[in-house]
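Report on one structure; see the data block that follows.
Computed from the coordinates by the stated procedures, all read-outs in this text should not be read as laboratory data. Owing to the predicted nature of the structure, the values given are computational and were not obtained by experimental measurement. Positions of Cβ are backbone-derived with ideal geometry, glycine not excepted, and every protein chain shown enters the neighbour counts.
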Amino acid sequence: MNRLAISRNEVDYIFLTHFHADHVGGVPFFILEANYIVKRDRPLTIVGPPSLKARYPQIMETGFPGTKAMELRFPLMLREVEIGRRDEFGPLRLTAYHVVHDDRAGPCLGLRLEAEGKVIAFSGGYFGRGGGVIGLNGKATFRSSVSSRAVAPSTMRRTPSRRSRRARQMRSRC
């Protein structure tokens, strides 16, 4: 985000696909910078798998001890998504799907996001790589290194050999 000059104040939503440390480890530092450096005052919503509310204090404490109960200068909402149900977050529509990864860190989700007539499907870890956090500002402009090419949710349920082939094809187009 720093390299792309995206201010912590521009991000209204953080979407988590699962709770492996390499996917949520930046959350405590985002929160700390938003609170103390940027002095954020607008609401922030973190959206994630069921158990987000229980795991959030652990994520904060693991990343930076002493932060699980810190007072924030901005409203923070934690919203757990229901697998298979379409939900709305500002101008964005999201549907979460269960994906095979490591359910000790989840359940692990693939996310289908719709905004401004575009669709993006994202899974942090489904193909053995990728990020677990996507930021989206209030104007529904995608701020991610992930392509905005439309991907049908059915691609998240293919057999391993077809899935691997599809992943290679998608990476070669990006």
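Proximity of backbone amide H atoms, modeled 1.01 Å from N, is registered between GLY106 and PHE19 at under 5 Å, excluding neighbours fewer than 5 places apart on the same chain. State whether region 48-130 is rounded, prolate or oblate according to the following rule on the C-alpha gyration tensor (a ≥ b ≥ c being the square roots of its eigenvalues): a/c under 1.5 gives rounded; otherwise a/b larger than b/c gives prolate, and the remaining case gives oblate. Oblate shape, in that a/c is at least 1.5 and b/c is the bigger or equal ratio.
Fully extending the segment from PHE74 to HIS98, taken as 0.36 nm per residue of separation minus the present Cα-Cα distance, adds 5.5 nm. For the peptides 30-38, 93-101, 81-89, residues were scored by their other Cβ atoms within 10 Å and the scores averaged per peptide; the highest-first order is 93-101, 30-38, 81-89.
Computed extension length for ASN9-PHE29: 5.8 nm, one decimal, from 0.36 nm per residue of separation with the Cα-Cα distance subtracted.
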